[in-house]
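S.K.: Input: one structure, supplied below.
The values are calculated or read from the model by the stated rules, or taken from the named source; none is laboratory data. Fair warning: this is a prediction, and the values are worked out from it, not measured in the lab. No Cβ is skipped: glycine too gets one built from the backbone with ideal geometry, and neighbour counts run over all protein chains shown. Remember, those area values only see protein heavy atoms, side chains included, never the ligands or the DNA or RNA. Shrake-Rupley method; radii C 1.70, N 1.55, O 1.52, S 1.80 Å.
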Amino acid sequence: MKTFVVLLFTWVCVLPIFAQTSITWEDFLQDYFTTENLEADLLQELEDLHNHPMNLNLVSSEELQQLPFLSASKADSIIAYRTQKKHFRFFGELMFIKNLTYDDRLYMQLFTYVGEADDTPVALIKRLFSGKHELIIHLGVPLYRRAGFRTYSDEELEKHPNKIYLGNKLKSVISYRYKWRDNIKYGITLRKDSGEPFGYYGNYPFDDTSLYFDYRMKEDRFRFVVGDYKLKMGQGLLLGNLFFKDKSLLLNNRDRSAFRFAAHTSSAMFNHFRGAIASYRYGSWVGAAFLSYRKLDAHILKDTIVSMPVGGYHRTISELNNKSAATNYLFGGHISYYKSDFNLGINTYYSIFDHVVYPPMRTSNQYYFRGRTAAGVSLDYYRTTKRLTLQGECAWDGKWRIATSNRLQYSLNDDLSLYFQYRYLSKYFAAPFAKTIQTGGRVANEQGALFGTTLRSFYNCSLHLYVDYSHFSLPILGVSKSSNTWEGYLKLHYILTNNSSLYLIYRLKAKEASIKGFEDLLEYKTTQRLRLQASYSSEKITLSSALSGVGYSQQTKGNSFGWMLSSRLSYKTENKWSFSSFVSLFFSEDAATALYDYVPHLHYASEFPAFRHQGFCLVGTSSYKCGTRLMLSSRLGWMHYFNQNTIGTTSQQIRGHNKIDWAFELTYKW
């Protein structure tokens, strides 16, 4: 069977090399993001933007800047062109906007469209109810049984009560979205994961409910969101749950360090705030204020929060006991002076927990946030000329400990740019909701520098390259003393024809870690990843194939390797049907050589799964449009392991070689 599978996969994967005027959602993610640890909630937020594209004739610059590949200057250029020409007539006009690259225009097909330019005033009641409605019902059915769904004796459950899941196997999501032009949006999402109880154990009836109302005036002069929202201030040194941590994004002109917020539209239960946020623009001044009251999952011992789980699962007795056990209050504000080539802003926040936060003291976490209150203030700036761009943020926490992140970009010409980023995050800095572009897991205890370059439109080839160095003064997880980490990244993109292209992506990470049994001695653990990909796109068919390899070396243990051959195919008929598929054959010697790839999913399930051990994966999705309003979709996924008799561990364990999932989705628009 192995020989047949290898021959089949080899034949499928060489097809696209000679066969891109368009791009699929899957290829965009694989092409644009470099990290296999892309946060699931941000991935879903981006997918929601893809599923609800913006009208180029009505969209504002701020809305366009939600797309991670569009800088403020590029978004402003799009709006300036639209103002000059009155409106867009067709999508190809983007070619006339000088600072948009080929990749920018390619990616924008996934998130924007050219629609009507009508912005005549409409009565409020019509704006609230006569726009576009969408209802999505998603049902996931695992065709296997995890250990948490097995039957156990009363004696065993008395000793280990958390071995069993309290709910059924089904995963269900109900989502309603409303949109009137790009000015009014509101929605609600109800979610229950596999194993979570439905209609009992405190669920009414779903495990989580999320809702939002988003209103914006023309040109974003006034805007507010009520409900669940995400927020980024400056470089994210104080608050940053609307921030992609991928360092390669520093090479994509994400230039203005602006205050930005958005409604939380994903089904994720963490990494967002709940309350209200509003901003107002008067001339060159922008002011904003926000507040949040939110229940958080927490493990509490003797009236003290010792940990705050962020997985969002509530399947077992202990997980349900931790559900919404703590409360957080947060409020703050922002004010900035805003010009096209200059921006200066001040940010502040204050946060209160209803219990003392005090995780058990360990060598690696001795300066983590502890206490009931957290606060901070920061100054962010942005200055650009024709060739040079400077931006950054300097933040102080409630005890005046400092963190700063600064970036310089120098463009030698329209095609060649150089980048430098320096970050200093004090080892004592404490900001529990911060997230910025750094190597470590929290915004503290790190000094680092990144050097990078981009070369575009050079004989149909583009180059992205960076080298990053990080130093940790205090011990971190797995290291008993100060340590260093090196990272490298290289991406080559070659356009063969208008329909086909080739990619080469190389990543290196060398991290110092303590030697087991000799904790005072450090060794380098080095991971190298290489991906070769060929892609072909036409009006109806998109096909891409890739060969991925990973090598891991450790000075005291030797080397290990992994590889994967994968291919994706998407096909659309002229009217009703669309299909997508993914096939992969993989080999991994250990957990360190796991491979990652994006596989087709329906709504609210996007991820980069890990491919470990030896086996193959087959995934297929199909969608059928019933008229203009109703669409039915389904997905079937099969993961087979050649060398494993069990899959997973503890309550997630599956007996056997196979893991098969089925999902169904109904989408109704009116």
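S.K.: Calculate, in nm to one decimal, what residue 664 and residue 554 gain on full extension: separation in residues at 0.36 nm each, minus their alpha carbon distance.
M.R.: 35.2 nm
S.K.: Report, in debye and to the nearest 20, how large the dipole of the stretch 267-322 comes out about its Cα centre when Lys and Arg carry +1 and Asp and Glu carry -1 on their Cβ.
M.R.: It works out to roughly 160 debye.
S.K.: In whole Hz, with x marking every Gly and Pro, tabulate ³J(HN,Hα) for the stretch 300-313 from phi via Karplus 6.51 cos²θ - 1.76 cosθ + 1.60, θ = phi - 60°.
M.R.: 10, 10, 6, 6, 10, 7, 9, 7, 10, x, 10, x, x, 8
S.K.: Would you mind getting the accessible area per residue of the stretch 467-566, heavy atoms of the protein chains only, 1.4 Å probe, in Å²?
M.R.: 48
S.K.: Here's another thing I want to ask about it. About its Cα centre, what dipole magnitude does the stretch 170-306 give when the only charges are +1 on Lys and Arg Cβ and -1 on Asp and Glu Cβ, stated in debye to the nearest 20?
M.R.: Dipole size: approximately 500 debye.
S.K.: Packing-wise, with mean Cβ within 10 Å as the measure, how do 117-123, 581-587, 164-170 rank, highest first?
M.R.: 581-587, 164-170, 117-123
S.K.: Explain nothing, just compute: Karplus ³J(HN,Hα) = 6.51 cos²θ - 1.76 cosθ + 1.60, θ = phi - 60°, for every residue of the stretch 413-419 in order, whole Hz, x for Gly and Pro.
M.R.: 7, 5, 10, 10, 9, 10, 10
S.K.: Using a 10 Å cut-off on Cβ atoms, rank the peptides 629-640, 68-79 from the highest mean neighbour count down.
M.R.: 68-79, 629-640
S.K.: Can I ask one more? Choose one of 347, 585, 168: the residue whose Cα lies farthest towards the positive end of the charge dipole of the chain (beta-carbon charges +1 Lys, Arg; -1 Asp, Glu; about the Cα centre).
M.R.: Comparing the listed Cα positions along the dipole, 347 ranks first.
S.K.: On a 23 Å Cα-Cα criterion, which of the cross-link pairs 247/516; 185/245; 163/192; 74/247 come out too long?
M.R.: In this structure, 247/516; 185/245 exceed 23 Å between Cα atoms.
S.K.: For the stretch 191-291, what's the relative contact order in percent, using C-alpha pairs closer than 8 Å and at least 6 residues apart?
M.R.: Dividing the mean separation by the residue count of the stretch 191-291 yields 27 percent.
S.K.: With θ set to phi - 60° and the Karplus curve 6.51 cos²θ - 1.76 cosθ + 1.60, what are the ³J(HN,Hα) couplings of the stretch 642-652 in order, to the nearest whole Hz, using x for Gly and Pro?
M.R.: Listing the rounded values in order: 6, 10, 10, 8, 9, 10, x, 9, 6, 6, 8 Hz.
S.K.: Mind checking which of 202, 262, 272 is farthest towards the positive end of the stretch 172-288's charge dipole, using Cβ charges of +1 (Lys, Arg) and -1 (Asp, Glu) about the Cα centre?
M.R.: It is 262, whose Cα lies furthest towards the positive end.
S.K.: With point charges of +1 on the Cβ of Lys and Arg and -1 on the Cβ of Asp and Glu, referenced to the Cα centre of the stretch 438-545, which listed residue (517, 500, 454) lies farthest in the positive direction of the dipole?
M.R.: So the residue furthest toward the plus end is 500.
S.K.: Is there a quick way to get the dipole size of the chain? I mean about its Cα centre, with the Cβ of Lys and Arg at +1 and of Asp and Glu at -1; what is the value in debye to the nearest 20?
M.R.: Here the size comes out at about 600 debye.
S.K.: Sorted by packing (mean other beta-carbon atoms within 10 Å per residue), highest first, where do 332-338, 568-574 land?
M.R.: Sorting 332-338, 568-574 by mean packing, highest first, produces 332-338, 568-574.
S.K.: If you don't mind, another one. In terms of the Cα gyration tensor, with a ≥ b ≥ c the square roots of its eigenvalues, is the chain rounded because a/c is under 1.5, prolate because a/b exceeds b/c, or oblate?
M.R.: Here the chain falls in the rounded category.
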